[in-house]
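What follows draws every value from the coordinates through simple rules; no lab data is involved. Just so it is clear, the structure is predicted and the values come from calculations on it, not from any experiment. Quick reminder, even Gly has a Cβ in these numbers, built from the backbone with ideal geometry, and neighbours come from all protein chains shown.
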Amino acid sequence: MQIGIDQLAFYTPKTYLDLVDLAHARGEEPDKYRIGIGQSEQAVIPVTQDAVTLAANAAVRVVDDTNRDKIAMVLFGTESGIDNSKSAAIYLKRLLKLPDNIRAVEIKQACYGATAGVQFAHDYVRLHPDKQVLVIGADIARYGLKTPGEVTQGGGAVALTISAEPKLLNLDDATAFRSEDIMDFWRPLYRTEALVDGRFSENVYVDFFKAVWQDYQQQTKLTIGDFTAFAFHLPFTKMGLKGLRAILPEASEDQQKQLMTNFEASRQYNRQVGNLYTGSLYLSLRSLFDNADLKPRQRIGLFSYGSGAEGEFFSGTISDAFDVQASRRWFTDFFRSRQRLTMTQYERLFSQQLPDHDVLLDLSHDDARFVLTGIKHDQRQYLDRGE
Ligand code: CAA
């Protein structure tokens, strides 16, 4: 029995910043951002969207009447939680009208949370093949205006269903993981922006990748020649390139070309959206699916990294039922309909934060189906415009 990713959808708001505008405003060379960092644009998230609404706007595309009753768990990976106690998964479960006889929990380990969800879901469906698990990665990546991390901001959500006989990717059982207490990137409870030791975090990322790649190869006896493509956690797309370059010499010359071509396909969407923390690896996988020329049974390697730090290398093979036409159309329409912000608009949106008292938000600039309407009696208020 094959178990893996059956559906994979993405959502982010249409407002974005062109990074050439950011480069000019910050006195940097545009090529530093476009080539040195590997980013062209970044999503800007209005105050009327939070981790819950981002997730709901993505998940509504993978949950409908055909699978609603099969979903046994909602595993919500996020490091942009909205409550220290109650999980974002419970709010999401209500917005999606999922039945009550399910588990709904939030998972936190920086950008690794959604991968923990995927692996827990894999094991669960192995025991309960008639069930599905909804896995979410939803975040808003914030470093602050005029910081070195500003060019690597962004946000959005991915929603995956994990099932038996999946339509996209059959996950292999083998997986290699590693965790170590490292202060490369963190966000204390009192802060809305992350703290980061930038260059150190890049080095730890590559070291973790090399370590879990070695471990995976020892376990499976597979080598780079068994892989058609790799998808990486992409805080910014140059980071994945640094990971790939660390192992590329292991491949033949022809295969190096193929891996580089597929890497370009895997970073196309992320380059235009920016970092989405927990969802980044899965947006990259979606980008690979939609923009590479993949065939059933080909093997894809996935590297997940969450600062602090946890890394995992795992793999899967393309399903026989693989079809990406609808997703390609969705992304084409989405990128065409985006709204480019001026620097002033971006800085205003970025600086707008939810107050810690009751408030009614202006929804006129947010056309999403699920929106945050405000706070009442210290409770976030959500609206489903599809009702
Ligand atoms: N043309 C082309 N390239 C140029 C250039 C130009 N005109 N000018 C500079 N560059 C290159 C530099 O040579 C450098 O390349 P290398 O990394 O290959 O050496 C690159 O552009 C970046 O330049 P700097 O190192 O000078 O950039 P910086 O000091 O401003 O900061 C950063 C870069 C450290 C990535 C910073 O943006 C940051 O801290 N980002 C957030 C941290 C992060 O994402 N870390 C990743 C690992 S942690 C993780 O993965 C978890 C997560 O999601 C956060």
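Reported to the nearest whole Å, the Cα centre-to-centre distance from the stretch 349-379 to the stretch 209-284 is 38. 3J(HN,Hα) along the stretch 287-295, derived from phi through the Karplus expression 6.51 cos²θ - 1.76 cosθ + 1.60 where θ = phi - 60°, amounts to 5, 5, 3, 7, 10, 9, 9, 9, 10 Hz, with x in place of Gly and Pro.
Report, in listed order, any pair from 108/146; 86/108; 14/70; 97/295; 131/295; 210/295 with a Cα-Cα distance greater than 24 Å. Long pairs (Cα-Cα over 24 Å): 108/146; 14/70; 97/295; 131/295; 210/295. DSSP assigns beta bridges within the chain; of those with both partners inside it, close to 75 percent run antiparallel. What you get for the chain, charging only the Cβ of Lys and Arg (+1) and of Asp and Glu (-1), is a dipole of about 440 debye around the Cα centre. Per-residue Cβ neighbour counts within 10 Å put 322, 230, 76 in the sequence 322, 230, 76, beginning with the fewest. From least to most packed, judged by other beta carbons within 10 angstrom and beginning with the fewest, 247, 136 follow the order 247, 136. For a straight C-alpha distance cut-off of 15 angstrom, the aspartates and glutamates reachable from residue 221 (same-chain residues fewer than eight places away being disregarded) are 172, 173, 250.
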